[in-house]
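Below is one structure, written out as structure tokens, with a few remarks after it.
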Amino acid sequence: MAVMNDILNVNLNGFMLQNPIMTASGTYGYTDEYDDFIDVAELGAIVTKAISLNPRVGNKHTRITETEAGMINSIGLENVGIQKFLQDKVPVLKSKKINYVVNLAGSTIDEYTKLAEICNDNQIKAAELNVSCPNVKSGCLEFGTDENSLYELVSAVRNVYNGFLIVKLTPNVTSIEKLGIAAEKAGANAVSAINTLKGSQIKINCSLGKISKTIITGGYSGMGIKPVAIGAVIRLSKVVNIPVIGIGGIRTLNDVLEFIAAGAEAVQIGTENFTHPDIAQKLVYELAEFITQNGFKNLEELKKELRK
Ligand SMILES: Cc1cc2nc3c(=O)[nH]c(=O)nc-3n(C[C@H](O)[C@H](O)[C@H](O)COP(=O)(O)O)c2cc1C
């Protein structure tokens, strides 16, 4: 059942979404992997798994572990590489009319710009620069934690890419505001926040008085990070003039409303997809129902009310 009208439409600084519910990179595959659960084409957009210039095999195990209020992952950007993505995945996205954003990851400015050039040549409408992955040894997070490096990187990408450019920010910094400002100055069309927090879990085993332990380190995501994400969105919204896309621990309609009140123009759902694969579509319906039941004309009117 489709949401039949346009009350949820979002104009994200030129990038049109039929609703503000997107899915977060790395939690939703590349295309229609969730089609058994929902009609993916009904979402605002999906963000692909991070794509690099060449295929990557990712990190060794253990790559995922559950925590009390979320999970820690250390996937290490395993992906099929840009050429296979263009060849195998883009045709599916097009034929199923799925609105999508390509999440791009690289180790050097050169790698990012080559990727962006390829996206430009292939008319990819929207890209999200992943400068915030904590699970790889070089690149990525190095750009996302230093405002000058980030400015240089985003400027270089902007020079070769004419599509909608989102810069995905990390919470693993003292001032996310400085990074947001640098991204905007360099020509980003939007920022998204947040990527995962650096975290570790220690699994302790005791057998006959001998302790053995396994330390799992990676990016922490899920419900436990929501307050950090809300805080980041509030601070970013005050200092940038481009849309902020909120990400982090979203599971319920109330979470979506909280992010919108904080200043988010759209949201991305991540970890929750793993336990409730239909959650993104459910939130689209719940948001539409909330708007009509409470007498708002559309999402824009609700946004104004939430931000008073
Ligand atoms: C298993 C897993 C893989 C992820 N892979 C990526 C990725 O490839 N690129 C990226 O920008 N973010 C990646 N992320 C981060 C998410 O997109 C999101 O920013 C983060 O998980 C916070 O949202 P959540 O709490 O709703 O999961 C990944 C997260 C998880 C859990």
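Might you check whether a residue that is touching a residue at least 40 places away in the same chain (Cβ under 8 Å) and within 24 Å of THR108 (Cβ to Cβ) occurs anywhere in segment 202-216?
No, segment 202-216 contains no residue that is touching a residue at least 40 places away in the same chain (Cβ under 8 Å) and within 24 Å of THR108 (Cβ to Cβ).
Are any residues in segment 21-42 small (Gly, Ala, Ser) and either more than 14 Å from SER221 (Cα to Cα) or surrounded by fewer than 19 Cβ atoms within 10 Å (Cβ to Cβ) (or both), and if so, which ones?
First, the residues of segment 21-42 that are small (Gly, Ala, Ser): 24-26, 29, 41.
Across segment 21-42, the qualifying residues are GLY29, ALA41.
Does any residue of segment 82-89 turn out to be more than 9 Å from the ligand (Cβ to nearest atom), out of contact with any Asp or Glu (no Cβ under 8 Å at 6 or more places or on another chain) and under 19 Å from THR27 (Cβ atoms)?
yes
Would you pick out the residues in segment 12-37 that are at positive phi and within 14 Å of the ligand (Cβ to nearest atom)?
Once the filter is applied, which keeps residues that are at positive phi and within 14 Å of the ligand (Cβ to nearest atom), segment 12-37 yields GLY26, GLY29.
Scan segment 51-68 and tell me whether some residue there is within 15 Å of the ligand (Cβ to nearest atom), over 16 Å from ASN130 (Cα atoms) and surrounded by 22 or more Cβ atoms within 10 Å (Cβ to Cβ).
Among the residues of segment 51-68, not one is within 15 Å of the ligand (Cβ to nearest atom), over 16 Å from ASN130 (Cα atoms) and surrounded by 22 or more Cβ atoms within 10 Å (Cβ to Cβ), which makes the answer no.
Kindly evaluate ILE124 against the criterion of being surrounded by 19 or more Cβ atoms within 10 Å (Cβ to Cβ), in a loop (DSSP other than H, G, I, E, B) and aliphatic (A, V, I, L, M).
Considered against the rule, which asks whether it is surrounded by 19 or more Cβ atoms within 10 Å (Cβ to Cβ), in a loop (DSSP other than H, G, I, E, B) and aliphatic (A, V, I, L, M), ILE124 comes out as yes.
With the structure loaded, tell me whether SER149 is surrounded by fewer than 17 Cβ atoms within 10 Å (Cβ to Cβ), polar (S, T, N, Q) and at pLDDT below 95 or whether it fails that test.
In short, yes.
What are the residue pairs meeting all of these: first residue in segment 55-74, first residue of a type in the set (D, E, K, R), second residue in a strand (DSSP E or B) and within 11 Å of the ligand (Cβ to nearest atom), Cβ atoms under 6 Å, and 6 or more apart or on different chains?
Taking only residues 6 or more apart or on different chains, the pairs are ARG56/ASN79.
Within segment 142-164, how many residues turn out to be touching a Gly at 6+ places or on another chain (Cβ under 7 Å) and under 25 Å from VAL228 (Cβ atoms)?
Total meeting the criteria: 2.
Looking at VAL80 and the list (1) more than 15 Å from VAL267 (Cβ to Cβ); (2) out of contact with any helix residue (DSSP H, G or I) (no Cβ under 8 Å at 6 or more places or on another chain); (3) of a type in the set (A, V, I, L, M, F, W, C), which single condition is not satisfied?
(2)
Select from segment 269-286 the residues that are in contact with a strand residue (DSSP E or B) (Cβ under 9 Å, 6 or more places away or on another chain) and aromatic (Phe, Trp, Tyr) and list them in ascending order.
Scanning segment 269-286 gives a single hit, PHE274.
Checking GLY76 against (1) of a type outside the set (Ser, Thr, Tyr); (2) near the ligand (Cβ under 10 Å from one of its atoms); (3) over 23 Å from SER192 (Cβ atoms): exactly one of these is not met. Which one?
For GLY76, the failing item is (3).
Can you tell me which residue within segment 276-289, out of those that are within 13 Å of the ligand (Cβ to nearest atom) and assigned to a helix (DSSP H, G or I), is nearest to GLY70 (Cα to Cα)?
Only one residue tops the list, namely ILE279.
The values are calculated or read from the model by the stated rules, or taken from the named source; none is laboratory data. A quick note: this is a predicted structure, and the numbers were derived from the prediction, not measured. Positions of Cβ are backbone-derived with ideal geometry, glycine not excepted, and every protein chain shown enters the neighbour counts.
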